[in-house]
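Okay, so here's the structure we're looking at.
The values are calculated or read from the model by the stated rules, or taken from the named source; none is laboratory data. Not measured: the values here are computed from a predicted model. Reconstructed Cβ throughout: ideal geometry from the backbone, glycine too, with neighbour counts over all protein chains shown. What goes into the accessible areas is simple: the full protein's heavy atoms, side chains included, and nothing from ligands, DNA or RNA. Shrake-Rupley method; radii C 1.70, N 1.55, O 1.52, S 1.80 Å.
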Amino acid sequence: MHKKLEQWMGQLGGLLHDNPIKTIIVVILLLAFPISHVPQIKMDTSTEGFMHDDDPVLITYNEFREQFGRDERIGFAIKSDNIFTLEFLTTLKELHKEIENRVPYLEDVTSLYNVRNTRGEGDKLITDDLLEPFPTTQAEVDAIKQRALESNFYRNLLINQKGDMTSILIETDAYSHKGKTETNELDALTDGFEEETTSSTPKEFLTDKENAQIVSTVLEIADKYRKKGLEIYVAGSPTVNHALKQQMKSDMQKFMRITFILILIFLFIIFRRLSAVFYPLIVIILSLLTTVGTMAWLGVAFKLPTQIVPSLLLAVSIGATVHVLSVFFDRFNNTGDRREAIVYTLGHSGLAIAMTSVTTAIGIASFSGSEVAPISDLGKFASLGVMVSLVMTLTLLPALLSITKLKAKPTKVSHRLDGVMKKLATIPVNHTKKVLLGSLALVTISIIAATQIKLSHNPLTWFQPDNTNRIATEVIDQKMNGSVTIEVVLDTGKENGWIDPTKLEKLNSYSNELEQYVDEFTHIGKVVSLATIVKETNQALHANDSNHYTIPKEQNLVSQELLLFENSGSDDLEDVVDSQFSKARVTIKLPWNDTIEARKVLEHIKAKTAQTFNDEKVEVTGMVPLLTNTFSNAIHSSVVSYFIAFVAISFMMMLILGSVRIGLLSMIPNLAPIIVGLLLMYVVKIPLDMFTLLIGSIAIGLAVDDTIHFTHNFRRYYLQSGDSAKAIEQTFLTTGKAMVITTIVLSLGFFAYLAAYMISVQNFGLLTASVIIFALLSDLLLAPALMIVAAKRGWIK
């Protein structure tokens, strides 16, 4: 069967040589449609973008946003020892108004300038702005300072305990403004009098592009006021995600270009032909554009995990094209007959290339069932790209070689490489036991080390320690006790359920207890809820006596106080309770932390909430739960996906090699590079995060490719000669050379990533390049040693 398939591949080579122009035209026509959609591709770095639309955690989060708006705030903090001076407050007022006027898609801006100032004057409840009327003397400012520092509500929200940092909280719309038009005064007056219309189309939440506009404007304003002498820090998940997207995009694009250049240079050094340099590049670019275009056509955004798709396709495409070029030019340089060389190349390596690509695609496709949306996208579209690359390698590349003017010219590099490969071929033959025992020892040590690798998902640590976003977040976390939130929604299921003083007292005790929480990783810095407003109002209506900063005992009194608060002009109630007083929102502020380390506080909040509110429907949501859920799903899904990939690839190896024993045996050199890669992670202290979790998919692609090429050709040569040593040498001189060239080219390209700015990109480059080298060593040492053992036992037939 193998011989027939190889004959057919050789016949395909002859057909392509005889009809190159037709082949090129057909390929162009087939790829034109998906490639035309490339400009429509979108980027999405949002946390919710990691989840499928039907994920219960995302559904809960979206319901929260529909009710209470966007929970992701931008914290604009100013550090100064002179906050409570006329000069500073005047600048704060100016800054506040500029943010209100310039930042798009705003929902609310809160600072000391306009924060509610709840107080009683006689029998009246006043809830005006803190700086209303604006102070004109230092004595008035001192009175404001005393009020601000004594306020439980302001503390760690708008002013820190020491009084040397104040913040401006910027809240944006939850929904996108795409398609909306500006309203004029007449529209505003008639708004609400038109007939109601219903739409079955769900509203789209704020887009990545709109978030970028918001953050860019905020950062421009920050830079403007820094020049005026203010010490400003900007933090919050919107700014961190924006910076992450910009820097990751910049690094990946920059180093993909550098990788391409290094690959081009090395291919030229090896082959000394422009065709051998640019034709692989054409295959890679067309495969990548087709994949990205298909994503755009289907409305799938590019997300952080899917940014490794170009690197994966680069690795697989280079491997396949170099095998074709290496065998082709070796043959052509000896015979000078282009048609015969193409027929020989596809007959010799075409089937192995097809089998490696199909096996790689199946392995990567195992990720398509992931619970994490972008990892699922990676499985679907990277496997598609691998198949597109295969088609390009077996059709377009031979067609291009057919129309290119070529002269036979053996290179010195090729001769030198032949000598090196002959020497390498003797190592597994002469030292079979040492290779096997050494490999076993290394893999065993690696497995032990792998158990010590730290699990982590903390995008903030992907930035360099001196990055402004990282510094700003760390400073705000330290000074203001947090920059991210966990949101709790408590649903009584009935109207006016939260007018009940018993429930409010439970809510108050719950909030106070949470604020005392501290563990070895983090702490809770602030809790804001309906209880805060009720206590403020009760204190104000009792002559501003702090002894009455409590929940009233009677329901009628609670109802009256909340009615007075609503009628006082403040709209702050809508931030903490729904209009029916049936659902209450509790906002828990805490420092930005590693997702793994945040699990403890999250579990504490869930347990405490369930214990306290056993009569209410409880939902815990927000950024921290979303991140925790995402990484937990990523770990679980990746374990399942790697297992499926292992089973699928094992089955394919058995099928390809025609033997269950040889198929299973060949999986050892496939897995060894990934396992040794874990040892490297332990040695250089790289955590297992969302990025490093996916490097195995590239490792699978390359290790499988090399192993199939080696075992397929070894089996062929061994059946011809019956001599395992001779078969290994012949395999090294044909397929082995292509494997070495591919490894050198790709490892150099990925090692270039070490010069990137983002730590995550540096880690990606180091691990990927190292695993590529490990895969080569595994297939030049371990795989031949295993084949020698298999040959001695008569397993190769």
Karplus 3J(HN,Hα) series, Hz, for segment 535-545 with 6.51 cos²θ - 1.76 cosθ + 1.60 (x for Gly, Pro): 5, 4, 5, 5, 5, 4, 7, 10, 6, 6, 7
Computed FRET value (nearest 0.05) for ARG147 with LEU680, which takes r as the C-beta separation and R₀ as 51 Å: 0.30
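Hey, what D do you get for the chain in µm²/s if you plug the Kirkwood alpha-carbon radius into Stokes-Einstein at 10 °C and 1.306 mPa s?
53
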For LEU106, residues with placed amide H under 5 Å, excluding near neighbours: ASP173
Selection from SER167, TRP592, MET355, by position along the positive dipole direction of the chain (Cβ): MET355
Sequence ranges 293-300, 783-790, ranked by mean other-Cβ count within 10 angstrom, highest first: 783-790, 293-300
Extreme residue, positive dipole direction of the chain, given options ASN538, GLY69, GLN452 (C-beta unit charges): GLN452
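Multiply the residue separation of LYS600 and GLU132 by 0.36 nm, subtract the distance between their alpha-carbon atoms, and state the gained length in nm to one decimal.
164.2 nm
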Whether segment 444-560 is rounded, prolate or oblate, judged on the alpha carbon gyration tensor where a/c under 1.5 counts as rounded: prolate
Note, ³J(HN,Hα) from phi for segment 523-530, Karplus 6.51, -1.76, 1.60, rounded to Hz, x at Gly and Pro: 8, 9, x, 6, 10, 10, 8, 4
Accessible area of ILE261 in the full protein assembly, 1.4 Å probe (Å², nearest 10): 100
Enclosed volume per residue, in Å³, of the convex hull spanned by Cα atoms of segment 514-604: 131
Under 14 Å from LYS79, Cα to Cα: aspartates and glutamates that are on another chain or at least 8 residues apart: ASP164, GLU231, GLU474, ASP477
Point-charge dipole on Cβ atoms (K/R +1, D/E -1) for the chain, about Cα centre, debye to 20: 6820
Between segment 250-271 and segment 92-108, the Cα center-to-center distance that results, in Å: 45
Alpha-carbon spread of segment 278-431, three principal axes, descending order, Å: 51, 46, 23
Accessible surface ranking that places the most exposed of GLU597, GLU220 first, with a 1.4 angstrom probe: GLU220, GLU597
For the chain: relative contact order, % (alpha-carbon pairs under 8 angstrom, 6 or more apart): 20
Percent antiparallel among DSSP beta bridges (both partners in the chain, rounded to 5): 95
Heavy-atom SASA rank of MET165, MET387 (probe 1.4 Å, accessible area, largest first): MET387, MET165
Principal axes of segment 570-707: Cα extent on each, largest first, Å: 74, 33, 27
